[in-house]
Amino acid sequence: MANPPQFDHLRGCAHPVVFETGIAEAPFSVAGTAFVVGFESLLYVLTARHVVRDWSKEQIAIIMSAAGERLALRTRWEIRFHTEDAPSDENDDDSDLLIYRADLEGISPETRRSNHLLHLTPPNASSWFETRDESLFFLFGYPTHANGPDYEQSKVVKNQYLLHGQYVGPSITDGCFEIQVKNPLNLSTFAGLSGSPVFSLRTSGEPIQPTFCGMALRGTIILQHLARASAALMRNVSRHFGAALTLYVRAVHHTLC
């Protein structure tokens with residue numbers, strides 16, 4: 001698949017999640033994906049809650065450069081969605097979201113220029129939902145089998161994968177949707193792709209521009225060359241991934257910051 005405009009920029013917002021274990025023989029591990037977003041003048045890191053679980057922010061590293069520069073994580077917010085009829089459950093897909101406030105303290109100017117973030121409120125933002133059936137959906141992430149620690153070199157092996165496919169329909173969880181993606185590399189598992197940002201690209205009409213949709217939560221290999229993934233959408237806010245996430249981060253910003 002030929003890369004449309006802005007792909008390289010979009011890919012720069014996604015990073016593997018690195019954990020410091022405190023074990024001398026295996027000081028760090030890699031599991032899952034996170035992505036960096038900007039809202040107004042603030043910086044946030046988003047990932048799936050089940051990726052991080054109860055690890056403290058001091059044990060988590062979002063590495064921004066080959067020199068090991070780490071994005072500083074500050075406040076942690078665990079997201080719970082509930083209604084009067086349905087109390088929240090931390091294990092539900094619609095509550096599988098974690099947000100960190102972050103800042104660039106300790107990040108060199110060169111590294112800041114070479115990395116990218118996803119702007120949640122770009123001036124030319126568009127909705128993905130109305131054109132879902134004529135759009136290509138894609139995500140960037142770090143599958144576990146191709147990413148991990150290299151203890152001999154004291155570094156993290158990072159290989160970002162791009163998967164693309166099409167919209168399927170609503171998930172069994174209210175406020176979530178399913179996409180079916182191609183699996184040309186025959187991945188045996190989607191482990192490590194949780195937390196990946198999901199985008200859509202309209203394949204007809206103008207303008208042709210990627211649109212942010214949400215976050216990949218989980219997936220199951222169902223055929224040799226096809227797989228199904230569930231992507232998160234904030235519940236009871238909007239039918240649109242981008243609008244819903246933007247509105248939710250806005251609420252976090254004005255309430256907690």
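The values are calculated or read from the model by the stated rules, or taken from the named source; none is laboratory data. Computed from a prediction, not measured in an experiment: that's the story for all the values here. Heads up, the Cβs are rebuilt from the backbone with ideal geometry, glycines too, and the neighbour counts pull from every protein chain shown.
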Scanning region 27-42 for residues that are hydrophobic (A, V, I, L, M, F, W, C) and farther than 18 Å from ARG11 by Cβ, the one modelled with the lowest pLDDT turns out to be PHE39
Considering only strands (runs of 3 or more DSSP E) wholly within region 6-86, the ones with at least 1 residues that are within 22 Å of PHE140 (Cβ to Cβ), in contact (Cβ under 8 Å) with a residue 40 or more places away in the chain and of a type in the set (Ser, Thr, Tyr) are 28-39, 42-47
Result of the Cβ filter at 9 Å on region 177-202, keeping first residues that are within 14 Å of THR144 (Cα to Cα) and without any contact (Cβ under 8 Å) to a residue 24 or more places away in the chain and partners that are of a type in the set (Val, Ile, Thr) and buried (at least 18 other Cβ atoms within 10 Å of the Cβ), at least 6 apart or interchain, is none
Going through region 178-208 in order, the residues found to be assigned to a strand (DSSP E or B) and farther than 22 Å from HIS119 by Cα are GLU178, ILE179, GLN180, VAL181, LYS182
Going through region 149-177 in order, the residues found to be charged (D, E, K, R) and either crowded, with 17+ Cβ neighbours inside 10 Å or part of a strand (DSSP E or B) (or both) are ASP150, LYS155
Residue hits (region 135-160; in contact with a helix residue (DSSP H, G or I) (Cβ under 7 Å, 6 or more places away or on another chain) and either under 18 Å from CYS213 (Cβ atoms) or touching a residue at least 24 places away in the same chain (Cβ under 8 Å) (or both)) are PHE140, GLN160
Filter region 4-45 for residues that are in contact with a helix residue (DSSP H, G or I) (Cβ under 9 Å, 6 or more places away or on another chain) and closer than 30 Å to SER204 by Cβ; the one that is surrounded by the most Cβ atoms within 10 Å (Cβ to Cβ) is THR33
Going through (1) small (Gly, Ala, Ser); (2) crowded, with 19+ Cβ neighbours inside 10 Å; (3) at pLDDT below 90 one by one, ALA125 fails only at (2)
Residues of region 107-118 being at pLDDT below 85 and part of a strand (DSSP E or B), in sequence order, are none
